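Participant: Let me give you the structure first, and then I'll get to my questions.
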Amino acid sequence: MKVDFVAAKTEPADGQALAVLAFEDGEFSPAAEALDAQVGGAVRRAIGATRFKGTMGQTVSILAPSGTAAGRVVVVGAGKQDAFDGRAAETAAAHAYNAVKDTGAERLLIMMPAAGAERQARAALGVRLAAYRFDKYRTTEKPEKKPSVARVDVGCEDAKAAAKAFKDLAALADAISFARDLVSEPANVLYPVEYARRVSALSRLGLEVEVLGVKEMTKLGMGALLGVGQGSARESQLVVMQWKGGPKDAKPIAFIGKGVCFDTGGVSLKPAEGMEEMVTDMAGSAAVAGAMYALAARKAKVNAVAVLGLVENMPGGAAQRPGDVVKTMSGQTVEVINTDAEGRLVLADAIWYCQDRFKPSLLVDLATLTGAIVIALGKDIAGFYCTDEKLAQNLQAASKASGDAIWRMPLPADYERLLDSHIADMKNTGPRQGGSITAALFIKRFTNKLPWAHIDMAGTAWKPNSQAAMIPSGATGFGVRLLDQLVRDIHEG
Ligand code: BES
Ligand code: MN
Ligand code: ZN
């Protein structure tokens, strides 16, 4: 979707759609006011014939009003006027797009002069996120079923200033689309080697990307990660991404992602119903790759490294068995009670490798790790665990600013014993109760006294029936914006 900024005096092209904002308590934006005057009060009359109150996301469409070239005018509720911040601008613009996208109009002009460059840019971001679509495998879809809107313009008092403010946000939109694409791809297309190839292509943005295969990982002693992948015909991969935008000697910030390209559960096989959703079990790594994309595309002044653990968890003849004992790169041994608790095994080696090699200042891992976190927090909020108060505060602030919702969970020392094994240093699962917590405690054992946070995003990665204006149904891109914001707050504030 192309979004441009145009001068506010621009009239909509013949027959195209025009959107203006109205606030709660009957307050019109300047553009809505001007339009209402231009069309002889038809906007206020139309609204008066509805239950429109100006609450966020309400829309009223007026067809072919006289006095304007627009074929359709959409009045979009934008909430309380004094709460009209960047977030509200994004959301309102996304609603404007959603209200018009299937009407047959090919262009939409969202008029928001006097909103300021920052909010105009954020409106463009809202449109970009709302207009995301993964339709490359729909070969027979009729054109009239596809969105008709191909171009959106935002009307500004200073189009140049808005375009400038949009530059970094366009990088973010591209990065989120990149992550959504990875999550949306089916597992027969996006297996570890192909995934690594797509990430390697990001070297065009100035990222350094290395790919380790089974041979290298065997040498490094990554028995936990390799154990997960050994039941698959697809080779496991470890992808290392580096962005060197900061001072030469500054320690990098580190992101680790779970990249299980498909999770059958392995020999501890999952039930058939709903198993297809496990194509999204690499969303943590996609968020991390997306965040690195954003940092590089906007040339962030920071050193960042990312490690993606890419495997496929299959029950092939060479698969690991329940009861197997594997040795992690850290030297600690693990009794694999349940082969479906594979994410933590992948993360254990990816995290250890990253710390060992890069000595990062802090480490954040993202993973679609447990069904238990979905039971606890639902589909809109991810769980997060943290060993450092400053990092926890930074994450909470970044969550608020980015809209990627997280809620802090505890790391109780008393629960450590739930991972005791009779044969090895630990087992890979505890009881069903508190399953997200024991998973976090397991991962913690592979972090080495550095500020660490773990985000269990099993619920938020995938929304088959999204109600959010900026998240089309499917892959959400959760986490990209959170990490990008975290870097902004910590290193660019
Ligand atoms: N990938 C799943 C977690 C998951 C569940 C992601 C639902 C997205 C939606 C993970 O590998 C898994 O299977 N976890 C098990 C752990 C259990 C065996 C201890 C779970 O949560 O049931
Ligand atoms: Mn699993
Ligand atoms: Zn999994």
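Participant: Kindly list the number of the only condition in (1) open to solvent by less than 20 Å² (accessible area, probe 1.4 Å); (2) among the small types (G, A, S); (3) more than 25 Å from M329 (Cα to Cα) that fails for A440.
Facilitator: So A440 meets the others, but not (3).
Participant: Could we say that R488 is under 30 Å from A296 (Cα atoms), at pLDDT 95 or above, open to solvent by 10 Å² or more (accessible area, probe 1.4 Å) and among the charged types (D, E, K, R) here?
Facilitator: Values: under 30 Å from A296 (Cα atoms): yes; at pLDDT 95 or above: yes; open to solvent by 10 Å² or more (accessible area, probe 1.4 Å): yes; among the charged types (D, E, K, R): yes.
Here the answer is yes, as R488 does meet what is asked.
Participant: Can you pull out every residue in region 445-493 that is under 30 Å from V100 (Cα atoms) and of a type in the set (S, T, Y)?
Facilitator: Once the filter is applied, which keeps residues that are under 30 Å from V100 (Cα atoms) and of a type in the set (S, T, Y), region 445-493 yields T460, S466, S473, T476.
Participant: Out of the residues in region 231-263 that are within 16 Å of ligand 1 (Cβ to nearest atom) and among the polar types (S, T, N, Q), which is nearest to L295 (Cα to Cα)?
Facilitator: Step by step, filter region 231-263, then rank; the result is S236.
Participant: Among the candidates A201, A161, A187, A224, which residue alone is of a type outside the set (D, E, K, R), open to solvent by less than 60 Å² (accessible area, probe 1.4 Å), in contact (Cβ under 8 Å) with a residue 40 or more places away in the chain and under 30 Å from R298 (Cβ atoms)?
Facilitator: Of A201, A161, A187, A224, the one residue that is of a type outside the set (D, E, K, R), open to solvent by less than 60 Å² (accessible area, probe 1.4 Å), in contact (Cβ under 8 Å) with a residue 40 or more places away in the chain and under 30 Å from R298 (Cβ atoms) is A161.
Participant: For region 267-292, what are the residues that are within 12 Å of ligand 1 (Cβ to nearest atom), within 14 Å of F178 (Cβ to Cβ) and out of contact with any strand residue (DSSP E or B) (no Cβ under 6 Å at 6 or more places or on another chain)?
Facilitator: Scanning region 267-292 gives a single hit, A283.
Participant: Please specify each residue of region 298-322 satisfying the condition of being more than 14 Å from ligand 1 (Cβ to nearest atom) and open to solvent by 40 Å² or more (accessible area, probe 1.4 Å).
Facilitator: Residues satisfying the conditions are K299, K301, G317, A318, R321.
Participant: Might you let me know whether region 469-482 holds any residue that is of a type in the set (A, V, I, L, M), modelled with pLDDT of 95 or more, over 14 Å from the mean Cα position of the chain (by Cα) and under 26 Å from A170 (Cβ atoms)?
Facilitator: yes
Participant: Name the residue that is farthest from A179 (Cα to Cα), counting only residues in region 232-266 that are away from ligand 3 (no atom under 14 Å from the Cβ) and among the β-branched types (V, I, T).
Facilitator: Among those residues, the one meeting the criterion is I253.
Participant: Given the residues N448, N428, which is the only one that is surrounded by fewer than 16 Cβ atoms within 10 Å (Cβ to Cβ) and within 17 Å of L347 (Cβ to Cβ)?
Facilitator: Sole residue among the options that is surrounded by fewer than 16 Cβ atoms within 10 Å (Cβ to Cβ) and within 17 Å of L347 (Cβ to Cβ): N448.
Participant: In region 295-332, what count of residues is obtained for those that are part of a loop (DSSP other than H, G, I, E, B) and away from ligand 3 (no atom under 16 Å from the Cβ)?
Facilitator: 16
Participant: What single numbered condition from (1) under 19 Å from the mean Cα position of the chain (by Cα); (2) more than 21 Å from D324 (Cα to Cα); (3) open to solvent by less than 10 Å² (accessible area, probe 1.4 Å); (4) within 16 Å of ligand 3 (Cβ to nearest atom) fails to hold for M278?
Facilitator: Condition not satisfied by M278: (3).
Participant: Check every one of the helices (runs of 4 or more DSSP H) wholly within region 28-143 and list those with 3 or more residues that are without any contact (Cβ under 8 Å) to a residue 40 or more places away in the chain.
Facilitator: Because the criterion is at least 3 residues that are without any contact (Cβ under 8 Å) to a residue 40 or more places away in the chain, the helices (runs of 4 or more DSSP H) in region 28-143 that meet it are 30-38, 42-48, 86-100.
Participant: Conditions first: (1) over 21 Å from G257 (Cα atoms); (2) within 16 Å of ligand 3 (Cβ to nearest atom); (3) of a type in the set (A, V, I, L, M, F, W, C). M426 passes all but one, so which condition is the exception?
Facilitator: It is condition (2) that M426 fails.
Participant: Which of the residues that make up region 371-396 are small (G, A, S) and either touching a helix residue (DSSP H, G or I) at 6+ places or on another chain (Cβ under 6 Å) or closer than 15 Å to V480 by Cα (or both)?
Facilitator: Residues satisfying the conditions are A372, A382, G383.
Participant: Please work out which one of (1) among the aliphatic types (A, V, I, L, M); (2) crowded, with 23+ Cβ neighbours inside 10 Å; (3) under 27 Å from S268 (Cβ atoms); (4) more than 16 Å from ligand 3 (Cβ to nearest atom) is the condition M470 fails and give its number.
Facilitator: The number of the failed condition is (3).
Participant: Still on this structure, please answer the following. Looking only at region 78-98, which residues are open to solvent by 30 Å² or more (accessible area, probe 1.4 Å) and of a type in the set (A, V, I, L, M)?
Facilitator: Scanning region 78-98 gives a single hit, A83.
Participant: For region 428-462, how many residues are of a type in the set (S, T, N, Q), closer than 25 Å to A398 by Cβ and within 16 Å of ligand 2 (Cβ to nearest atom)?
Facilitator: Qualifying residue count, region 428-462: 1.
The values are calculated or read from the model by the stated rules, or taken from the named source; none is laboratory data. From a predicted model like this one, the values you see are computed outputs, not experimental measurements. Because the Cβ atoms are built from the backbone with ideal geometry, glycine has one as well, and the counts that use them run over all protein chains shown. Heads up: the accessible areas ignore ligands, DNA and RNA and are worked out on the full protein's heavy atoms, side chains in. Shrake-Rupley method; radii C 1.70, N 1.55, O 1.52, S 1.80 Å.
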